[in-house]
Each structure stands twice: as structure tokens, then as C-alpha cells.
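Here the structure is laid out as C-alpha cells; the discussion comes afterwards.
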Amino acid sequence: MKKFVVTSLAEPVASKWREIQAINGDKPFYVASPLSSTPLPIYEWLVRHADSFSSWSQVRFVLMDEQVDGSSAPFTYANVEDAASYEGFALKHLLGPLAAETGITIPVVKPELDHIKKFATPLNLLILALGVDGNYANVMPGTELGTGWHVARLTPQFRTAHTGKGSLSYEGAQFREYGMSLGPQQVLTAKYVIVIISGEKKRDLTNRLLAYDHFDPDFPLSIIFHPGVKDRVELYITNDVLAK
């Protein structure tokens, strides 16, 4: 694993995205990235420098997590117009601005909930952020290593952290009890994995993450220390996270 301490996530992470996208050439480029406040500076940089990227026409945005309606199967996705919709967030903060800048509509790819375990779209680039439960995406504590695409029961702490007063992402939105998500297996099979952490509020969580040297299901993002993926991980931490 490579670790970088940066003043801002925007340029270093977006530049790495650009490098990986260029390496991929003219083949379909499947990218999954967090839909929260943490990557917003990265998305703004991407849009401002969109003309320096190659092959936007080949980019496919994989929705790695989403809110779902229902308390048991069959679940349905939250409407994209709903304030809690992750897809709606992606369209507002990344895909819509990119389309305006490039003239290219980037497709959103997501699993059919009725056949979620059969979803096998590869990930050329997977970007993960550190969540309040040590989670990434909607992967909750206790999710076992063999888990792939699934519907998870979201913890109250997770739901409150994203929708409570002062949240920069979904303040006032109604998060559901369940959410769709990729799982540890998608992290292990992704070609490139980038982890982004920013903000002094993440200091204690980051210290906990960095204390790991193995995968512990009770702290989901510790998957990045699994021997099957750790050599493909780049970790970007802003200096305010590590300041004392």
C-alpha cells in the first residue's frame, strides 16, 4: 500500500484518476466512487480539467451503493429525484457537470436488485471513503469477507451521520433502513483502489484504520489490508486528519 499525506484531495486523486483512465485506452472504463461530501473537491477538479482527460465516451459510472425502499425483498431503488438518492447526488455533483463540460452522457451502471448476486461488472477504478462506522459504501460492520453485491441493513449511526443537521451531503433527507452495496469481494477484484480521507472529524477513525494490518469485518475498510488487494491500494489523507 502507498500512503500520501496531501493538503487537498482534489488534484492528486483526480490526476491519478486521469492517469488510470488514460492507461485503460479505448476500452470501457468502469469507475465507482463515493457519493458524499468527501470527494466533492475531486469532482470539481475533474469537471474543470475534463478536457485533459481521455476517452470520456468509454467511462461507465458504477453505482456501488444506493438507498432502497422496502423492509424485505423484493426491494426497489429509491427514486432518483429523492433527496436521499445516491444516484441523484452523482448526477448533480459529477455526471451532470461532466456532461455539460464534455457533451457526453456517462451511463450509470447498477445491479438489478432481484439478481444482485449475479452482477459481475468489473471495476477498473474503485474509490472508497472512510465512513462513520469504519464502513465504506453501504458495507456495514460485521460484513464477512465472502460478501459481494448485497442489500445491507444500515446502522442508525450511519443514517444519522449522513442526514443530520450540518451534514454536507444529505441533510434533511430520509435515509432508508436498507441499502444496496458492493462488498469486500469487489474490493479484492478491483484493478485499482484509492482510499480518500479528509477532515479532522475523521482523526480517531483514521487512527483506528491505520492500526490494522489485516482484515477485520467489524471495521469494514480494513479490507484494504487484505493481502489480496493491499499492493493495489493508494491511500490519500489530508493533513488536517493527522494534525494533533
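The values are calculated or read from the model by the stated rules, or taken from the named source; none is laboratory data. Note that the structure is predicted; figures quoted are calculated from it, not measured. Glycine also receives a Cβ, built like all others from the backbone with ideal geometry; neighbour counts cover every protein chain displayed. SASA here: full protein model, heavy atoms, side chains in, ligands and nucleic acids out. Shrake-Rupley method; radii C 1.70, N 1.55, O 1.52, S 1.80 Å.
Computed values, structure above
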| item | result |
| --- | --- |
| Mean residue ellipticity (222 nm) of the chain, computed from DSSP H runs ≥ 4 via -39,500 (n - 2.57), nearest 500 | -6500 deg cm²/dmol |
| Net charge dipole size for region 1-106 [Lys, Arg +1 and Asp, Glu -1 on Cβ; Debye, nearest 20] | 500 |
| Cα-centred dipole magnitude for the chain, charges only on beta-carbon of K, R (+1) and D, E (-1), debye, nearest 20 | 420 |
| Gyration tensor verdict on region 138-221 (Cα atoms; rounded if a/c is under 1.5, prolate if a/b is larger than b/c, oblate otherwise) | oblate |
| Whole-Å semi-axes of region 1-98's equivalent ellipsoid (Cα gyration tensor) | 27, 16, 14 |
| For the chain, the longest site-free run once GluC sites (Glu not before Pro) in DSSP loop states with at most 11 other Cβ atoms within 10 Å are removed | 145-244 |
| Among S37, P156, T206 the positive-end extreme of the charge dipole of the chain (Cβ point charges) | T206 |
| Sites matching trypsin sites (Lys or Arg not before Pro) across region 141-228 that sit in DSSP coil, with at most 13 neighbouring C-beta atoms within 10 Å | K165 |
| Of all accessible heavy-atom area on the chain, the percent that carbon and sulfur account for (1.4 Å) | 50 |
| Charge-dipole axis of the chain as Lys and Arg at +1 and Asp and Glu at -1 on Cβ define it, positive-most pick from V109, V5, A137 | V5 |
| For the chain, accessible area per residue (1.4 Å probe, heavy atoms of protein chains only), Å² | 45 |
